[in-house]
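The values are calculated or read from the model by the stated rules, or taken from the named source; none is laboratory data. Quick caveat: nothing in here was measured; it's all calculated off a predicted structure. All Cβ positions, even for glycine, are placed from backbone atoms using ideal geometry, and neighbour counts span all protein chains on display. Accessible surface areas use protein heavy atoms only, side chains included; no ligands, DNA or RNA. Shrake-Rupley method; radii C 1.70, N 1.55, O 1.52, S 1.80 Å.
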Amino acid sequence: MFNKLIIFWFLVCKCVPAQSQDSLPRWSLQNCLDYAKTHNITLNSLRLNRSISEQDLLLSRSAVLPGVSASLSPSVTHSKVLDTNGDLRSRVTTSASTSASASVTLYNGGYLRNDIRQKELLVQVAGLDLAASENDITLSITQAYLNILLARENIVYVADVVATSEAQVKQEQQFYDAGAVALKDLIQLQAQLANDKYTLVAAQNTHRQNLLTLKQILQLPPDTGFAVLEPDTLMSNPVLTALSEARQAALNNRPEVKSSELSVESAKLGVLKARAGYLPALSAGAGIGTNYTDNSAYSFMKQMDNNFYQQIGVTLSVPIFSKRANKVNEAVAKLGVGQAELTLQNTRTTLSYQVEQAYINVLNAQSQYDAAVEQLRYTQESYRIANEQLKIGATNTTEVLVQKNLYIQALQSYIQAKYSSALYIRIYDFYRGVPVTL
């Protein structure tokens, strides 16, 4: 019975294939971007920061509203008093007081108004910082996605090279068995086949590593099955936008620039808020209240009526000497403006250089791609001719291997140039506001 169970489970395991790339769900680039925008921890943290800024804005807007409070203070007092006979006796007295008050700021040098404007800008800055982070993640995902496609295509080409090497070894073995070639020629082809298989294994490992990199960027659970969807077309012949136009579009539209510009405006409002400390503040207040005690000849309702009071007034506060606090606050706020302006200048300069570097990368990648296509065509034809000559014994093994290595090098250069060109043109277009698509 035990042996039958072993045989049964062996057959089950043989019938259930291992999970392969073909059985895994395939993600398009847009799927990856959408998932990251929803689940990425950094982006979600920035969304929380934006929500915090929105709550700060609500608090600033509420500061102009009147503040109202009420209180009720019941109490019990125990004491000793002399009675009519001159003896001490205990007495417990209960009392209660209640009141309500309201206050509102009428004028404070424009502090509240400028604080609301500053908080509104900070909400916008938080949203722009979120958009800038989304842009960075978009580029990272795009590069990782194209690296996976590059590695997959490289596997296909290297597998074809391995198949050709196996056919060559098989044919050379037949020649050797017939005594037509020397053992050295057969061993050279066998060594080349082993090298090609090693290259294929390395390409497969690179593909797995690139998949892991993309999973890490997406922050998928470690045990999630994952594969990417290969687009129908990758290369195109777009009209390259002039560098000056692309740079200006980036400076006008990129969220990091807008965020820095709003940060300068926010810092200037900070100066106005600091200057409000030099100005008088005017507030108004009102209150009502009454109290009651059982140590009285009047009834509860009579006491509540007799002790009822109403109060209204205004308070004018004039700063005379603040121990340099207002002066220091204004100086610090002005320094904040200078720092924000330097940050804006650095953001614009950095972005300009990034756009120019992207433009240079596109030009280089396109030139390399054109050259790689031509190189691959010639080396592929040379390798094909050498392989045909080897079949009829018109050339030696060394010459075939030389042509094969040249072909492999050209093939790898072509694949690398193809995906570099596809990546850099999308990065360049992304800087000027074109969404990334494959």
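What translational diffusion coefficient, in µm²/s and rounded to a whole number, does the Stokes-Einstein relation yield for the range 95-138 at 20 °C and a viscosity of 1.002 mPa s, taking the hydrodynamic radius as the Kirkwood radius over Cα pairs?
Rounded to a whole number, D works out at 149 µm²/s.
With +1 on the Cβ of every Lys and Arg and -1 on the Cβ of every Asp and Glu, and nothing else charged, how large is the dipole of the chain about its Cα centre, in debye rounded to the nearest 20?
Using Cβ point charges on Lys, Arg, Asp and Glu, the chain gives about 1500 debye.
Over all distinct Cα pairs, what is the inverse of the mean 1/r for the range 85-183, reported as the Kirkwood hydrodynamic radius in Å?
Computed over the range 85-183, the radius equals 24.2 Å.
Would you mind checking the radius of gyration and Dmax of the chain based on alpha-carbon positions, in Å?
Answer for the chain, Rg first and Dmax second: 40.1, 146 Å.
Against the 2.2 N^0.38 Å scaling, with N counting residues, where does the range 282-438 land? I'd like the Cα-based Rg ratio to two decimal places.
That works out to 2.81 for the range 282-438.
Need one number: nm distance between label points at SER283 and VAL239, each 7 Å from Cα along Cα→Cβ, rounded to one decimal.
6.5 nm
Ignoring ligands, DNA and RNA, what percent of the accessible area of the range 139-265 is carbon or sulfur (1.4 Å)?
53 percent
For the range 383-438, what ratio Rg/Rh do Cα atoms give with a Kirkwood hydrodynamic radius?
Working: Rg = 19.3 Å, Rh = 13.9 Å.
That ratio is 1.39, to two decimals.
Roughly how many nanometres apart are two label points built 7 Å out from the Cα toward the Cβ at SER45 and ALA180?
Once both label points are built, they end up 6.8 nm from each other.
On a full-extension model of 0.36 nm per residue, what is the gain between THR350 and GLN416, subtracting their alpha-carbon distance, rounded to one decimal in nm?
21.0 nm
For a protection proxy built on the mean count of beta-carbon atoms within 10 angstrom, sort 54-61, 138-145 highest first, please.
Top of the packing list down: 138-145, 54-61.
Would you mind classifying the range 246-364 by shape? Square roots of the alpha carbon gyration tensor eigenvalues, ordered a ≥ b ≥ c; an a/c under 1.5 is rounded, otherwise it is prolate if a/b is larger than b/c and oblate if not.
Taking the square roots of the gyration eigenvalues as a ≥ b ≥ c, the range 246-364 is prolate.
Mean projection of the alpha-carbon convex hull of the range 175-334 over all orientations, in nm²?
Value for the range 175-334: 31.5 nm².
On a 29 Å Cα-Cα criterion, which of the cross-link pairs LYS37/LYS197; LYS268/LYS323; LYS258/LYS334; LYS184/LYS404; LYS215/LYS404 come out too long?
LYS37/LYS197; LYS215/LYS404
Charges on Cβ only, +1 for Lys and Arg, -1 for Asp and Glu, centred on the Cα centroid of the range 77-142; of VAL92, LEU106, GLN124, which one is farthest towards the dipole's positive end?
After comparing all options, I get VAL92.
Can you figure out the FRET efficiency of VAL81 with GLN219, using R₀ = 60 Å and their beta-carbon distance, to the nearest 0.05? Write out the running numbers ahead of the final one.
Values: r = 76 Å, r/R0 = 1.27.
Between VAL81 and GLN219 the formula returns 0.20.
For the range 113-255, what is one quarter of the convex hull surface built on the Cα atoms, given in nm²?
The directionally averaged projection comes out at 15.8 nm².
log₁₀ I(q)/I(0) of the range 198-253 at q = 0.15, 0.20, 0.21, 0.26 Å⁻¹, via Debye over equal Cα point scatterers, no solvent, to two decimals?
Here log10 of I(q) over I(0) equals -0.77, -0.85, -0.86, -1.01.
Cβ neighbours within 10 Å, averaged per peptide: list 29-38, 169-178 in order, most packed at the top.
Peptide ranking by packing, descending: 29-38, 169-178.
Cα centroids of the range 65-97 and the range 110-136: how far apart, whole angstrom?
So the two Cα centres are separated by 54 Å.
Does anyone have the angle between helix 183-218 and the longest principal axis of the chain? Alpha-carbon axes, 0 to 90°, nearest 10?
That helix lies at roughly 20 degrees to the long axis.
Based on DSSP H runs of at least 4 residues, each adding -39500 (n - 2.57), what is the mean residue ellipticity at 222 nm of the chain after dividing by all its residues, to the nearest 500 deg cm²/dmol?
Dividing the helical sum by the residues of the chain leaves -24000 deg cm²/dmol.
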